[in-house]
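Q: Sending over a structure as structure tokens; questions will come in a sec.
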Amino acid sequence: MITSKFVWESFEKYKDETFYINEKSSVSYGQFYQKVKTIANQNKLQNKNEKEVLYIDSSLDSLVTLFSFFYCGTIPILLSKKMPKDKATELLLSIQNEKLSSNENATIIFTSGSTSTPKAILHTYSNYYYSALGSNENIPIHKNDKWLLSLPLHHIGGLSILFRVLISGGTLVGYDKAISLEETISKHSITHLSVVATQLKRMIQNLEKLQTLKAILVGGGQVSGDLIRDATILNLPIYKTYGMSEMSSQITTTSENASQEELRTSGKILKYREIEIADDNEILVRGEVLCKQYLNGNMHIDSDGWFHTGDIGSLDAKGNLTVLGRKDNMFISGGENIYPEPIEKLLMQMDNIEEVCIVPKEHTEFGQVPVLFYKTENNTEISIGFVKEFLHDKVMSFEIPKEIYLFPKEYKSQGIKLDRAFLKQWIKNR
């Protein structure tokens, strides 16, 4: 059984190396470890296997508090500092009666809840350890390397960075959003970076500031073929990945110096994970990185230990995974199945587009029809005629959006995911 022991061994092993830097401070592994022990003793957090809320960001104080929880055996429930109080109360009430009793338990995080009630996921130290090992085997990190904390730490994409860096002796860099991503990369000589498609799209316009990068890990969501092509032409070290909270971040990832063909997929399965495609094309996964449980619901794990992801995909002859979309995002229009995600990837190729989302709208003749929401880089509007012309030779006619809207002002994405449920309701309310 893996416990937090490996965490403290890393702090001892790399005590003279830099662990964390930001715009204001820099601490070594040894100094950080001492801060953790001091805070733990001051707060008397000796609550073995008890859970406690931690509102977290990428600041030094937040990280010290997080690791002081680990030090004492207290299980942090990680929430964003920006989360509304009512929403936080709702989430916490859903797990208030759960009692936890093992020192292998590490954290509780919530899924984005873009299609349903957010699931409370219990991760173990074993999950994080093997997730980091498998990732680092594919994307090595060395002592002098720096990984920017550009994704939120209350989500798995950000949280998993901590452990990849920790077991390698690398450096974490806190992200000040008042400074552009490209400026931060240049100023701190960032070597490793996790981004979503919109961040990558902005970055490549400032190539001269990206020269220190060794690896850019890009989530496989709305990454268009054109964006991949542009990044590879510019010799950027792109890695495409497919992952999820339940599997402690990455599941598949492309290899170093991958071809454009490979980068149009989400790569091969990483070590300590397994993957299988079911008869209905659902992606099934299992392995050392599969979370322990949901605390407020039942996970769909079959008798062979496969977790049913709800995603649809395929594996090619080389073992590369292509993800088509979510089963529960698919809708039917005039008897035809429509998967929004492939259409969204195409639309992301349009000039000036920053984000798109396609959801169904009820229709008397066809049952449902696709509706497009979009955001442009300068908040200008585009016409439905322009969208139809762009898509007319790329998709089937029934897949072309029948209406388009700018994202409503009150819309907020769920972490790094689209909040399709909100947009469906917005359309229904109109």
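The values are calculated or read from the model by the stated rules, or taken from the named source; none is laboratory data. Owing to the predicted nature of the structure, the values given are computational and were not obtained by experimental measurement. All Cβ positions, glycine included, derive from the backbone under ideal geometry; neighbour counts span all protein chains shown.
Q: All but one of (1) part of a helix (DSSP H, G or I); (2) more than 25 Å from the chain's Cα centre (by Cα); (3) of a type in the set (Lys, Arg) hold for LYS87, so report the exception by its number.
A: All conditions pass for LYS87, except number (2).
Q: Under 23 Å from LYS214 (Cβ atoms) and within 16 Å of the chain's Cα centre (by Cα): does that describe THR252?
A: Criteria met by THR252.
Q: Can we say THR191 is in contact with a strand residue (DSSP E or B) (Cβ under 6 Å, 6 or more places away or on another chain), of a type outside the set (A, V, I, L, M, F, W, C), at pLDDT 90 or above and more than 30 Å from CYS357 (Cα to Cα)? Walk me through how you get there before you give the answer.
A: Details: in contact with a strand residue (DSSP E or B) (Cβ under 6 Å, 6 or more places away or on another chain): yes; of a type outside the set (A, V, I, L, M, F, W, C): yes; at pLDDT 90 or above: yes; more than 30 Å from CYS357 (Cα to Cα): yes.
Here the answer is yes, as THR191 does meet what is asked.
Q: Looking at the range 83-104 only, could you name the residues that are within 30 Å of SER28 (Cβ to Cβ) and either charged (D, E, K, R) or at pLDDT 95 or above (or both)?
A: Answer for the range 83-104, where residues must be within 30 Å of SER28 (Cβ to Cβ) and either charged (D, E, K, R) or at pLDDT 95 or above (or both): just GLU104.
Q: What residue, of PHE386, PHE390, is touching a residue at least 40 places away in the same chain (Cβ under 8 Å), surrounded by fewer than 19 Cβ atoms within 10 Å (Cβ to Cβ) and over 15 Å from GLN222 (Cβ atoms)? Show your work before the answer.
A: Numbers: PHE386 fails: touching a residue at least 40 places away in the same chain (Cβ under 8 Å).
Checking each option against the conditions leaves just PHE390.
Q: I would also like to ask the following. Kindly evaluate LEU236 against the criterion of being assigned by TED's automatic domain parsing to the domain that holds TYR129, under 19 Å from the mean Cα position of the chain (by Cα) and part of a loop (DSSP other than H, G, I, E, B).
A: no
Q: Taking helices (runs of 4 or more DSSP H) that do not extend beyond the range 110-191, which have at least 1 residues that are within 16 Å of GLN250 (Cβ to Cβ) and in contact (Cβ under 8 Å) with a residue 40 or more places away in the chain? Walk me through it before giving the result.
A: On the way: elements: 125-138, 156-166, 181-188.
Those helices (runs of 4 or more DSSP H) span 125-138, 156-166.
Q: Regarding the range 92-108, can at least one residue be identified that is assigned to a loop (DSSP other than H, G, I, E, B), among the charged types (D, E, K, R), touching a residue at least 60 places away in the same chain (Cβ under 8 Å) and within 29 Å of VAL7 (Cα to Cα)?
A: Taking every residue of the range 92-108 in turn, at least one turns out to be assigned to a loop (DSSP other than H, G, I, E, B), among the charged types (D, E, K, R), touching a residue at least 60 places away in the same chain (Cβ under 8 Å) and within 29 Å of VAL7 (Cα to Cα).
Q: Spot the failing condition for LYS271; the list is (1) surrounded by 21 or more Cβ atoms within 10 Å (Cβ to Cβ); (2) assigned to a loop (DSSP other than H, G, I, E, B), and only one is missed.
A: Of (1) surrounded by 21 or more Cβ atoms within 10 Å (Cβ to Cβ); (2) assigned to a loop (DSSP other than H, G, I, E, B), only one is false for LYS271: (1).
Q: How many residues, within the range 194-223, are outside any helix (DSSP H, G or I), among the basic types (Lys, Arg) and either closer than 30 Å to ARG326 by Cα or modelled with pLDDT under 90 (or both)? Working first, answer last.
A: Taking the range 194-223 as the starting set, the residues that turn out to be outside any helix (DSSP H, G or I) are 194-196, 210-223.
Right, trim to among the basic types (Lys, Arg) and you get 214.
Those left that are additionally either closer than 30 Å to ARG326 by Cα or modelled with pLDDT under 90 (or both): none.
So the count comes out to 0.
Q: Does GLU208 satisfy being assigned by TED's automatic domain parsing to the domain that holds LYS143, acidic (Asp, Glu) and either in contact with a Lys or Arg (Cβ under 6 Å, 6 or more places away or on another chain) or under 27 Å from GLU9 (Cβ atoms) (or both)?
A: Numbers: assigned by TED's automatic domain parsing to the domain that holds LYS143: yes; acidic (Asp, Glu): yes; either in contact with a Lys or Arg (Cβ under 6 Å, 6 or more places away or on another chain) or under 27 Å from GLU9 (Cβ atoms) (or both): no.
It is false that GLU208 is assigned by TED's automatic domain parsing to the domain that holds LYS143, acidic (Asp, Glu) and either in contact with a Lys or Arg (Cβ under 6 Å, 6 or more places away or on another chain) or under 27 Å from GLU9 (Cβ atoms) (or both).
Q: Is there a residue being of a type outside the set (Asp, Glu), closer than 26 Å to GLY170 by Cα and surrounded by fewer than 18 Cβ atoms within 10 Å (Cβ to Cβ) anywhere in the range 237-252?
A: There is no residue in the range 237-252 that is of a type outside the set (Asp, Glu), closer than 26 Å to GLY170 by Cα and surrounded by fewer than 18 Cβ atoms within 10 Å (Cβ to Cβ).
Q: Give, as residue ranges, the strands (runs of 3 or more DSSP E) completely inside the range 304-375 that count at least 1 residues that are over 21 Å from ASP393 (Cβ atoms). Write out each step before concluding.
A: On the way: elements: 307-315, 321-326, 331-333, 336-338, 353-363.
The qualifying strands (runs of 3 or more DSSP E) are 307-315, 321-326, 331-333, 353-363.
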